[in-house]
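These notes are about the structure you will find just below.
The values are calculated or read from the model by the stated rules, or taken from the named source; none is laboratory data. Here the structure is a predicted model, which means the values were calculated and not measured. All Cβ positions, glycine included, derive from the backbone under ideal geometry; neighbour counts span all protein chains shown. Ligands, DNA and RNA are excluded from the accessible area calculation, which covers all protein heavy atoms including side chains. Shrake-Rupley method; radii C 1.70, N 1.55, O 1.52, S 1.80 Å.
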Amino acid sequence: MIRLAAIAFLVLLAGGASAQGVRFPGVAIGSSQAGPEIDGWMYRPAGAGPYSGIVLAHSCSGVSSHTGAWGKLLASWGYVVVAPDSFGPRGEKSVCGRGRVVSPSMRVVDIAGAMDFLNAQPFVRRGDIGLIGHSHGGATALRAVQRSYGLAARGLKAAVAYYPGCYAQFDRDVAVPLLVLIGDKDDWTPADDCRRLQAAGFARPDLVQVVYYPDAHHSFDSRAPDRTLTVADGKSHRLAYDPSAAPDAEARTRAFFAKHLGN
């Protein structure tokens, strides 16, 4: 029986919202071996609950202020959020430009572990879990909803993938409701890859909605300066906040989780 540990090692207070450090094991899932013990952050609404849970998968740059902003936002909507650190326990800080070092498929075991952790909490509604990820985390969310991993049986009800890498050979067998949000001007995870995935055909197309934002670049939801980032493989990518796409995507995300989760 998998041992679930809820070890709080730090509590940060910022703007009235709290982030509590937690730890739990990655678990063997599908054909993936169990991963290392995972550190993460938990964000909670005020009150005893029970609340629905959401797993938040960080980008290729690891746990960051962007992760914290989303954790606090989701908690303000009434969800208990766990954001696993998929890189630190594997000896990495960032995998930008070398995403296969810790691949989306490897990270699914962290998602499963975080789900088990959430399901074990008395303030979480067991079996009522969502998943959201951005960039590398978006690709992780897209991979985690594949039928072969069986996360629906663990309580995964819905997933949102922001600007993920889409792969027709891996990501067609979606088993739970999925919302994909991506910009047509994304030069890092191209929207055309998601169009090719759609053209290849989902096993359950009724479960998948993909929204393309015509003028949006990568990281369009992050309120950071417009910038060009050169990563480990030598390629450069433009990252830019989009004042039209960001609020629309946020509203769609909130409505999507409200529809599919119990809160």
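Whose amide H sits under 5 Å from the amide H of residue 37, counting only residues 5 or more places off or on another chain, with H placed in the peptide plane?
26
Enumerate the amide H contacts of residue 54 below 5 Å, restricted to partners 5 or more residues apart or on another chain; note that Pro and chain-start residues carry no placed amide H.
For residue 54, whose amide H was placed from the backbone, the distant partners under 5 Å are 80, 81, 82, 130.
Cα centroid distance between the stretch 191-249 and the stretch 169-183, in Å?
Taking the Cα centre of the stretch 169-183 as reference, the centre of the stretch 191-249 is 13 Å away.
The list (i) 12.8; (ii) 13.9; (iii) 16.5 gives values of mean projected area of the Cα convex hull in nm², and only one came from this structure; which label was calculated from it?
It is the value labelled (i).
Ignoring ligands, DNA and RNA, please state the percent of accessible area on the chain from carbon and sulfur, probe 1.4 Å.
Working: 5770 of 11070 Å².
Roughly 52 percent, rounded to a whole number.
Once you've got the Cα coordinates, tell me which of 157/185; 157/259; 185/235 are over 21 Å apart.
157/185
Along its principal axes, what span do the Cα atoms of the stretch 113-168 show, with the longest given first and each in whole Å?
37, 21, 16
Mean separation of Cα pairs under 8 Å and 6+ residues apart, divided by the residue count of the chain: what relative contact order is that in percent?
15
What number comes out for accessible area per residue over the chain if the probe is 1.4 Å? Units Å², please.
Accessible surface, normalised per residue, equals 42 Å².
Give the whole-number value, in cubic angstrom per residue, of the convex hull volume spanned by the C-alpha atoms of the stretch 153-236.
Dividing the Cα hull volume of the stretch 153-236 by its residues yields 127 Å³.
Return the single residue from 71, 47, 30 with maximal mean-square fluctuation; model: Gaussian network over the chain, springs between Cα atoms under 10 Å.
47
Within 10 Å, count the other beta carbons around each residue, average over each peptide in 174-186, 156-168, and list them highest first.
Result, highest mean first: 156-168, 174-186.
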